[in-house]
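To start, the structure under review is shown below, and the notes come after it.
Coordinate-derived values only; no laboratory data. Quantities reported herein were computed from a predicted structural model and do not represent experimental measurements. All Cβ positions, even for glycine, are placed from backbone atoms using ideal geometry, and neighbour counts span all protein chains on display.
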């Protein structure tokens with residue numbers, strides 16, 4: 001709805017919508033047009049231009065604009081809230097969980113979280129999953145046909161490390177804990193007891209060759225340990241809210257990747273270096289020379305990514321493909337997308353790497369092989385337990401509620417940052433009920449719900465508002481669809497997270513400054529409260545967070 005007001009303002013003065021600015025908080029104007037660029041073009045004082053535009057537009061019949069007024073070098077636009085407010089509130093209450101949705105037509109494939117089967121998921125994976133979940137939800141809500149896909153990296157040198165440690169120290173034991181954690185213990189054990197030995201690297205390389213040659217003993221051990229790991233991953237996915245439309249296993253298609261690369265060598269698309277590695281020269285693109293297949297015939301991530309993209313295209317005929325992968329793989333994806341172009345893949349220029357920074361803890365960086373990584377399951381348990389303590393302090397005892405509060409603390413803390421930023425996660429700070437946190441937003445929703453429960457009045461179908469805070473909330477609600485569209489277009493869920501927090505903050509200002517129940521404006525204000533609840537619910541749902549009617 002706000003976008004219609006913006007379009008109307010831009011159209012009547014003949015400028016692009018981007019030329020209009022949102023005034024700072026506290027100003028009563030709704031949009032402003034700075035006249036500085038026109039002043040340079042026309043060689044006039046910007047204040048003079050603003051006044052001329054005001055006089056020129058006086059008396060025009062407009063839909064949503066109540067007043068146009070010059071103020072210094074700015075031309076200010078004011079919304080006609082008598083027309084605007086009932087339409088905005090009415091749309092929200094009528095459309096409910098569809099409010100803010102779009103009707104895009106493309107098919108988009110999103111890859112996440114892409115775990116390795118040598119260790120459990122950790123805090124870094126939680127950032128990956130939070131971004132994947134929220135982006136998928138936002139794009140679906142915008143109308144896109146979204147397919148969530150996973151790549152299970154179940155073969156390679158890193159997998160052989162946990163296998164070798166189990167072979168050496170496992171004594172045929174079965175998991176006595178969550179199975180992916182059991183496998184991860186051997187990965188840590190390898191780093192502590194085997195990695196520094198003189199012949200270890202040669203043994204690891206031989207184990208990988210044996211696996212690729214189909215050695216029965218090696219394959220049997222691999223299958224057993226991978227099944228343990230994947231079983232554990234699925235439990236974590238379900239708990240955190242990850243839904244996968246199709247999982248691809250590297251072991252099932254790596255040979256097809258080898259064939260594409262060797263065929264490319266025969267066609268002189270690729271070349272071979274002195275060590276027998278098949279490579280591609282991307283020097284002209286600033287990406288150097290990239291190994292696509294090792295001289296001993298073993299594959300790399302890029303080998304499987306080449307064929308995997310083709311498989312996904314055959315499965316879904318996607319218009320776009322988004323890879324949610326950490327920033328350390330930026331060059332990998334630049335090279336991969338270049339290979340797609342060179343091989344003539346139709347989707348080559350429609351691939352996007354959603355890169356994200358590392359997640360550290362206050363005490364420093366995590367390292368999986370040293371056993372200092374924070375396991376995703378353990379962190380979720382910790383947050384749930386802290387939330388449970390807070391609930392008990394208030395006289396409650398609800399583990400399901402504690403779980404939802406704990407998950408909201410993790411997800412919101414992660415998603416509120418720009419993906420590119422490296423962040424330091426503070427579990428206790430993320431659980432605060434005040435400030436920019438998930439529980440604060442949940443608390444705001446519960447506070448709004450308490451008003452609705454106390455009132456017996458009917459909700460106005462054509463509400464009118466006069467208080468500034470009410471108008472600010474209506475304006476903010478009207479911007480919801482714009483924020484969803486912007487988040488989808490830029491692949492940045494943090495835009496929507498910031499919006500939801502700002503709306504929650506405005507509502508709490510309203511809550512503390514104006515009464516609802518028993519007031520002459522009760523029916524009107526109930527409509528505002530109901531609209532805020534619906535938009536917060538829609539927004540948090542897209543971020544993968546559950547609202548709570550009571551805290």
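The table below gives the values:
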item: Nearest 10 degrees, 0 to 90: helix 157-169 Cα axis against the chain principal axis; result: 60 degrees
item: Where labels lie 7 Å past Cα in the beta-carbon direction, separation of residue 36 and residue 197 in nm; result: 6.8 nm
item: Most to least packed among 528-535, 304-311, 325-332, 32-39 [average Cβ atoms within 10 Å]; result: 528-535, 304-311, 32-39, 325-332
item: On Cα atoms only, tilt of 46-57 relative to the major axis of the chain in degrees; result: 70 degrees
item: Two-site FRET efficiency, residue 15 against residue 171, from Cβ-Cβ distance with R₀ of 51 Å, rounded to 0.05; result: 0.10
item: Stretchable slack from residue 490 to residue 105, in nm (0.36 nm times residue separation minus alpha-carbon distance); result: 136.9 nm
item: Separation of the residue 330 and residue 220 label points, Cα + 7 Å toward Cβ, nm; result: 4.8 nm
item: Highest to lowest packing among 104-115, 123-134, 352-363, scored as the average C-beta count within 10 Å; result: 123-134, 104-115, 352-363
item: Gain on full stretching of the segment that runs from residue 239 to residue 385 - 0.36 nm per residue minus C-alpha separation; result: 51.0 nm
item: Bridge type composition, the chain - antiparallel percent by DSSP, nearest 5; result: 50 percent
item: Cut-off 14 Å, label 7 Å out along Cα→Cβ of residue 246, residues of segment 129-169 by amide N; result: 146-152
item: Angle in degrees between helix 399-415 and the longest Cα principal axis of the chain, rounded to the nearest 10; result: 90 degrees
item: FRET efficiency, residue 458 to residue 7 (Cβ-Cβ, R0 30 Å, nearest 0.05); result: 0.30
item: Net lengthening on full extension, residue 87/residue 317 (0.36 nm per residue, minus Cα-Cα); result: 78.9 nm
item: Distance between modelled label sites at residue 71 and residue 271, nm, 7 Å Cα→Cβ extension; result: 6.5 nm
item: Listed peptides 408-420, 196-208 by packing density, highest first (mean Cβ within 10 Å); result: 408-420, 196-208
